[in-house]
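What follows is a set of notes on a single structure, which appears directly below.
The values are calculated or read from the model by the stated rules, or taken from the named source; none is laboratory data. From a predicted model like this one, the values you see are computed outputs, not experimental measurements. Don't worry about glycine lacking a Cβ; one is built from the backbone with ideal geometry, like all the others, and counts go over all protein chains shown.
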Amino acid sequence: MSQVKKTKAALYLRLSDEDRDKLTKDELSESIKNQELMLKEYALNEGWQIVGVYSDEDWSGGDVTRPEFNKMIKECASGNVDIVLCKTQARFARDSELIEKYVHNKFHEWGVRFKTVIDRIDNAKRETKKTSQILGLTDEWTLEDTSLNIRETFRTKRKAGECTASFAVYGYLKDPENKNHLIPDPLASINVKRIFDEYLKGYGLDKIANGLNEDNILSPLEYKMANGSKLKIPLLKKYFDYDYIDKAGTYVVNVNFTNTEDQILNNLISFNYITTDMKTFNNKCDITLKKYSLDRTKIYYAEKEDLDISKFNENDFIPIKENDTIPKTATCIATITKELDRTHITQYQLEIKLKENLKHEKYYFDIKVYVDNENTNLVFEKNIRRKMKWSEQSIKKILKDEVYIGNMVQFKTTTVSYKNHTIIKNDDEDRIRKNGTHTAIVDSDIWYTIQERLEEKSRSCSNGTVHAFSNKVYCMNCNRIFSKCGKNNKNGFGYLCCKDKKANWANCDNKKWLREDELHNFVLNKINTMLDKFYDNDTLNKLNEEEIDQDLFKEKLTSLEKELNKINKDLQSKSTYFQKLYEDRTSGLLGVKEFLILMNKYKADNEQLEERMKIVKKDIAATTIKKEKLKSKRTNFNKYNHIDKLNVEVVGDFIDKIIVGNYNQKTNSRDLKIIWNFTI
């Protein structure tokens, strides 16, 4: 007699942020568990075989990227599921398009039945289809209303200067007494200050990043994760789930054991291997124990071969503690937990560094598990991910963020809609700004100085520092920059020449290179002469304070703002003009050919105005930065007494630019004109 084939059931559970407000604290903690118990009981009563339990927690019902949801859909498409069971249709999706696509189309195509326990939707019964479609629409309306309400609430909070981000930016913590207010993080803020100080001294972005990595300072992402953050970042998905390691780099392995039984588990033992053949332990990597959660879990390594996991002998193993490096002679990494309470978790973390892989081998992380208890249902998870390090981009992001001078700039990005989570960048005018909302970590003068330097896109030298005159020296003939050329001498000085050299001197005859040490001495002498005069009381008393403190940028900013207002008026006028054109066309007063000619001219004019608007806005931003960064002569000079050597910081404080004229062979000299950051 042939055995009756059981129906294969997939259980799907979901809990999202839009549900949290409707649940009490007790209901919240039990929600996912209760969903699972309810569905399991229902499936077993029906005599179905449960082939998978898929659970998405903290995911919206309108999100098509839900990981467990998509795993289940893949199993359905592969013919491995006969029925999908949910508590309600809203648990499956709050999107009428998804309901229509899967419940009423694809599931029929794949031979999958869809059934819910509470609202009794069953796609095998035609009479429930309309109910399903109505529920799909009302659930979607609820989701849309919730999304709009949340957006409006966030907008109000942002205008008030309240932080609406899920996590505080690196360098800050959320105030325990007010989660919408930022306070400096005592540890991370030190690293932020270090980044600004080093960049100000002339360190390049790459050199700063390398220094932080060498000092084992966690990158912003790693720091968040070490402090309990569970980030879901689509752009970084490929770094967070590896089956094996095959590229050089540093990786983090997380291992979790969860006791889901009603009994205490005894002598939970795991043997951990780095292996290329899934048989032997190939320890060609550098392995470090990073952390483990419970004191009752002990971690060891062994140097013996052929160990028996069921006969664990502590004498065969050498204990290790957090941040210990496991030697190359190790044959196994072992953990033992004498007792694991009901519903408790034990976890540990290893850091694996693969320096090179010339043979292109695949390094797997394999685990063998043993526990005294029979018929136990121990949940075991492992995850390999790449360790995120400091980079040029992460350094630059910190240097450009106004949050470090106490300003809150939010709504930098948004999503297309509550259904489409594609991230789009907002223009500057759409961002929400509020100044002075929290304690600054960095002085505003330093921040504005650095913005100007970042705008100049200074390039680092081979030693990782930016040379003192980077983006400050210009040709008097063609107005192109004088950049480094030739090798440095033993004192670190090289030569500067006009960038027109790269175009084979097509536009400039200022071909003679300039010795960097001669320029250094010339500028150093000029600055020290001014410093000597400044500290001479007679000269100091004669300084015209009014002239020194005048706003050098007022006239330029006024002119740019007038032009911006005119562009906005012209765009508005052209929009009204096009509306009139359209009305004339629809009423028949204007022919198709004439309308198309005028419409194309309108589009061309509009594009030209919008392009000019971008240039003007950029110029306003750059001029504002220079204005904010400008110091009075007295304040600037009080910073220095005497200067022995120039660097980027000193040159940036005193000099706007240096103009280099043609070399005169008769006099063996050339014109050098310094344009200072202040009137003299």
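Only one entry of SER483, SER470 meets the criterion of being in contact with a Ser or Thr (Cβ under 8 Å, 6 or more places away or on another chain), hydroxyl-bearing (Ser, Thr, Tyr) and either buried (at least 16 other Cβ atoms within 10 Å of the Cβ) or assigned to a strand (DSSP E or B) (or both), and that entry is SER470.
Results for (1) in contact with a Ser or Thr (Cβ under 9 Å, 6 or more places away or on another chain); (2) charged (D, E, K, R); (3) within 23 Å of VAL650 (Cβ to Cβ); (4) at pLDDT 80 or above, shown as yes or no for each residue.
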residue	(1), (2), (3), (4)
ALA506	no, no, no, no
ARG515	no, yes, yes, yes
HIS520	no, no, yes, yes
LEU524	no, no, yes, yes
ASP536	no, yes, yes, no
ASN541	no, no, no, no
GLU546	no, yes, no, no
LYS562	no, yes, no, yes
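Looking only at residues in the range 366-417 that are part of a loop (DSSP other than H, G, I, E, B), out of contact with any helix residue (DSSP H, G or I) (no Cβ under 7 Å at 6 or more places or on another chain) and of a type in the set (A, V, I, L, M), which one is farthest from VAL253 (Cα to Cα)? Of everything passing the filter in the range 366-417, VAL416 is farthest from VAL253 (Cα to Cα). Candidates GLU583, GLU628: the one that is modelled with pLDDT under 80 and farther than 21 Å from GLU429 by Cβ is GLU583. Here LYS115 meets the list (1) at pLDDT 90 or above; (2) touching a helix residue (DSSP H, G or I) at 6+ places or on another chain (Cβ under 7 Å) almost entirely, failing just condition (2). Cβ-Cβ distances below 7 Å connect the following pairs, each with a first residue in the range 178-189 that is among the hydrophobic types (A, V, I, L, M, F, W, C) and buried (at least 16 other Cβ atoms within 10 Å of the Cβ), a second residue that is in a helix (DSSP H, G or I) and modelled with pLDDT under 90, and a separation of six or more residues or different chains: ALA188/TYR223. Those residues that are within 15 Å of LEU672 (Cα to Cα) and touching a Cys at 6+ places or on another chain (Cβ under 6 Å), I need them from the range 483-517; list them, please. Once the filter is applied, which keeps residues that are within 15 Å of LEU672 (Cα to Cα) and touching a Cys at 6+ places or on another chain (Cβ under 6 Å), the range 483-517 yields CYS497, CYS498, ASN510, TRP513. Selection over the range 641-662 of residues that are touching a Lys or Arg at 6+ places or on another chain (Cβ under 7 Å) and of a type in the set (S, T, N, Q) gives a count of 2. Pairs meeting the criteria (first residue in the range 41-59 and within 16 Å of LYS5 (Cα to Cα), second residue part of a strand (DSSP E or B) and basic (Lys, Arg), beta carbons under 7 Å, at least 6 apart or on different chains) are GLN49/LYS8; VAL51/LYS8. Taken across the range 401-421, residues that are within 32 Å of the chain's Cα centre (by Cα), at pLDDT 85 or above and closer than 28 Å to THR288 by Cα do not occur at all. Exactly one residue out of LYS472, LYS484 is at pLDDT 80 or above, touching a helix residue (DSSP H, G or I) at 6+ places or on another chain (Cβ under 7 Å) and not hydroxyl-bearing (Ser, Thr, Tyr), and it is LYS472.
Scanning the range 461-482 for residues that are of a type in the set (A, V, I, L, M, F, W, C) and either more than 39 Å from the chain's Cα centre (by Cα) or under 17 Å from ILE675 (Cβ atoms) (or both) yields ALA468, PHE469, VAL473, CYS475, MET476, CYS478, ILE481, PHE482. Report whether or not ILE217 is closer than 30 Å to VAL466 by Cα, hydrophobic (A, V, I, L, M, F, W, C) and either touching a residue at least 40 places away in the same chain (Cβ under 8 Å) or in the same structural domain as ALA90 (by TED's automatic domain parsing) (or both). Spelling it out, ILE217 is indeed closer than 30 Å to VAL466 by Cα, hydrophobic (A, V, I, L, M, F, W, C) and either touching a residue at least 40 places away in the same chain (Cβ under 8 Å) or in the same structural domain as ALA90 (by TED's automatic domain parsing) (or both). Close Cβ contacts (under 6 Å, 6 or more residues apart or on different chains) running from residues in the range 120-146 that are part of a helix (DSSP H, G or I) to residues that are at pLDDT 85 or above and among the β-branched types (Val, Ile, Thr) comprise THR128/ILE121; SER132/ILE121; GLY136/ILE99.
Does the range 76-112 hold any residues that are of a type outside the set (S, T, N, Q) and surrounded by fewer than 19 Cβ atoms within 10 Å (Cβ to Cβ), and which are they?
ALA77, GLY79, GLU97, GLU100, LYS101, HIS104, LYS106, HIS108, GLU109, TRP110, GLY111
Scanning the range 67-74 turns up at least one residue that is touching a residue at least 60 places away in the same chain (Cβ under 8 Å) and surrounded by 14 or more Cβ atoms within 10 Å (Cβ to Cβ).
Give the range 82-119 a look and list any residue that's outside any loop (DSSP other than H, G, I, E, B) and acidic (Asp, Glu), or say none.
GLU97, GLU100, GLU109
When restricted to residues that are out of contact with any Asp or Glu (no Cβ under 9 Å at 6 or more places or on another chain) and either of a type in the set (Lys, Arg) or modelled with pLDDT of 85 or more (or both), the range 50-66 contains 1. Exactly one residue among SER310, SER270 is assigned to a strand (DSSP E or B) and either closer than 19 Å to LYS362 by Cα or in contact (Cβ under 8 Å) with a residue 24 or more places away in the chain (or both), and that residue is SER270.
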